[in-house]
1. Taking the conditions exactly as written (in a loop (DSSP other than H, G, I, E, B) and surrounded by 16 or more Cβ atoms within 10 Å (Cβ to Cβ)), does MET182 satisfy them or not?
2. Within 17 Å of GLU162 (Cβ to Cβ), at pLDDT 95 or above and touching a Leu at 6+ places or on another chain (Cβ under 7 Å) - does that describe any residue in the range 69-84?
3. Would you pick out the residues in the range 95-123 that are farther than 20 Å from GLN240 by Cβ, in contact with a Pro (Cβ under 7 Å, 6 or more places away or on another chain) and small (Gly, Ala, Ser)?
4. Working only within the range 128-179, note down all residues that are outside any loop (DSSP other than H, G, I, E, B) and out of contact with any strand residue (DSSP E or B) (no Cβ under 9 Å at 6 or more places or on another chain).
5. If you check VAL154, VAL172, which single one turns out to be in contact (Cβ under 8 Å) with a residue 60 or more places away in the chain and in contact with a Leu (Cβ under 9 Å, 6 or more places away or on another chain)?
6. Out of everything in the range 53-84 that is free of Cβ contacts under 8 Å to residues at least 60 places away in the same chain and either loosely packed, with under 14 Cβ neighbours inside 10 Å or over 19 Å from GLU143 (Cα atoms) (or both), what residue ends up being nearest to the chain's Cα centre (by Cα)?
7. Kindly evaluate THR152 against the criterion of being closer than 29 Å to ALA209 by Cα, among the β-branched types (Val, Ile, Thr) and not assigned by TED's automatic domain parsing to the domain that holds GLY203.
8. Run down LEU136, LEU170 and say which single residue is crowded, with 21+ Cβ neighbours inside 10 Å and farther than 23 Å from ALA60 by Cβ.
Amino acid sequence: MKSKILLLVIILGFSLLPAFALRELKNEGYELVLNIPSKTLILYDKGIATKEYPVGVGKALTPTPLGEFKIVRRIANPAWVNPYRQSKVVPPGTLNPIGQYWLGFAMNNENQEFGFHATTDLSSVGKASTHGCIRLYPKDMEELFNIVSVGTSVHVIYNPIEVKEFQNKLFVRAYPDIYNYMNDNEYLLFAKNQLSGANLVKGDNVHIAIANKDAKDYFIGWTGSKILNEQESGPTEKGQLN
């Protein structure tokens with residue numbers, strides 16, 4: 001068993017995924033990293049994560065686009081156009097389902113704009129529940145709106161498996177592949193790349209986490225270096241804006 005774990009550690013140390021580039025933060029000012037499978041939005045300030053927001057993301061039939069974007073539109077008290085019935089427009093006010101703030105970051109070939117907004121359906125936050133936009137709790141959206149500006153970078157990634165470090169302990173967490181972009185072998189490659197330099201004592205838990213995809217933390221070992229690899233950005237070529 002020890003020899004198998006040692007072999008796994010050796011493999012992890014040399015595993016690369018050239019097709020899945022590591023995300024690159026500019027380390028200048030604010031940046032947003034949205035991870036679709038984990039349904040989380042992380043606010044970075046000069047390369048340091050300062051706040052994490054739970055969000056609702058696009059459904060499998062209407063996915064949120066992946067890639068590198070910027071905030072291009074910042075509107076207080078926006079009107080809302082029903083994406084299913086373009087003729088239905090809800091004016092600003094208490095009945096507006098997207099709340100008081102809009103941060104647009106991308107537009108497809110059908111002139112549909114994707115953006116961050118609040119929601120009156122609080123139960124939809126934390127789910128794949130939208131037409132492609134990103135839903136936040138109203139207080140979170142107000143806070144975010146008052147922090148970021150037009151030009152803020154938005155990195156939309158698809159990373160269904162994350163490696164977390166706490167007090168030198170390593171945990172792996174696998175999320176459901178809500179857009180069916182990856183198979184279990186690709187999950188494993190993602191995990192291996194993120195674990196380069198790690199000292200695994202429970203390598204089998206990586207496979208268990210991937211099999212379960214239950215978003216729970218599984219202990220896998222200890223850090224073998226001060227800094228782990230950055231999280232992978234995911235199969236962005238499968239979800240680019242069109």
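The values are calculated or read from the model by the stated rules, or taken from the named source; none is laboratory data. For clarity, every value in this text was computed on a predicted model and none was experimentally measured. Counting neighbours? That spans all protein chains shown, and the Cβs are built from the backbone with ideal geometry, glycine included.
1. Values: in a loop (DSSP other than H, G, I, E, B): yes; surrounded by 16 or more Cβ atoms within 10 Å (Cβ to Cβ): yes.
It is true that MET182 is in a loop (DSSP other than H, G, I, E, B) and surrounded by 16 or more Cβ atoms within 10 Å (Cβ to Cβ).
2. Residues of the range 69-84 that are within 17 Å of GLU162 (Cβ to Cβ), as a first pass: none.
Scanning the range 69-84, I find no residue that is within 17 Å of GLU162 (Cβ to Cβ), at pLDDT 95 or above and touching a Leu at 6+ places or on another chain (Cβ under 7 Å), so the answer is no.
3. We begin by selecting, within the range 95-123, every residue farther than 20 Å from GLN240 by Cβ; these are 95-103, 117-123.
This time we only want the ones that are in contact with a Pro (Cβ under 7 Å, 6 or more places away or on another chain), so: 98-99, 102, 118-120.
Across the range 95-123, the qualifying residues are GLY99, ALA118.
4. Keep residues of the range 128-179 that are outside any loop (DSSP other than H, G, I, E, B), which gives 128-130, 134-136, 138-147, 153-157, 161-166, 169-174.
Once the filter is applied, which keeps residues that are outside any loop (DSSP other than H, G, I, E, B) and out of contact with any strand residue (DSSP E or B) (no Cβ under 9 Å at 6 or more places or on another chain), the range 128-179 yields only PHE166.
5. Numbers: VAL172 fails: in contact (Cβ under 8 Å) with a residue 60 or more places away in the chain.
Result: VAL154 is the single residue among VAL154, VAL172 that is in contact (Cβ under 8 Å) with a residue 60 or more places away in the chain and in contact with a Leu (Cβ under 9 Å, 6 or more places away or on another chain).
6. Pass one, the range 53-84, residues free of Cβ contacts under 8 Å to residues at least 60 places away in the same chain: 61, 75, 77-84.
Filter once more, keeping what is either loosely packed, with under 14 Cβ neighbours inside 10 Å or over 19 Å from GLU143 (Cα atoms) (or both): 61, 77, 79-84.
Values: LEU61: 18, ASN77: 27, ALA79: 27, TRP80: 25, VAL81: 26, ASN82: 25, PRO83: 23, TYR84: 25 Å.
Filtering first and then ranking leaves LEU61.
7. Values: closer than 29 Å to ALA209 by Cα: no; among the β-branched types (Val, Ile, Thr): yes; not assigned by TED's automatic domain parsing to the domain that holds GLY203: yes.
When the stated conditions are applied, THR152 does not pass them.
8. On the way: LEU136 fails: farther than 23 Å from ALA60 by Cβ.
Of the residues listed, the single one that is crowded, with 21+ Cβ neighbours inside 10 Å and farther than 23 Å from ALA60 by Cβ is LEU170.
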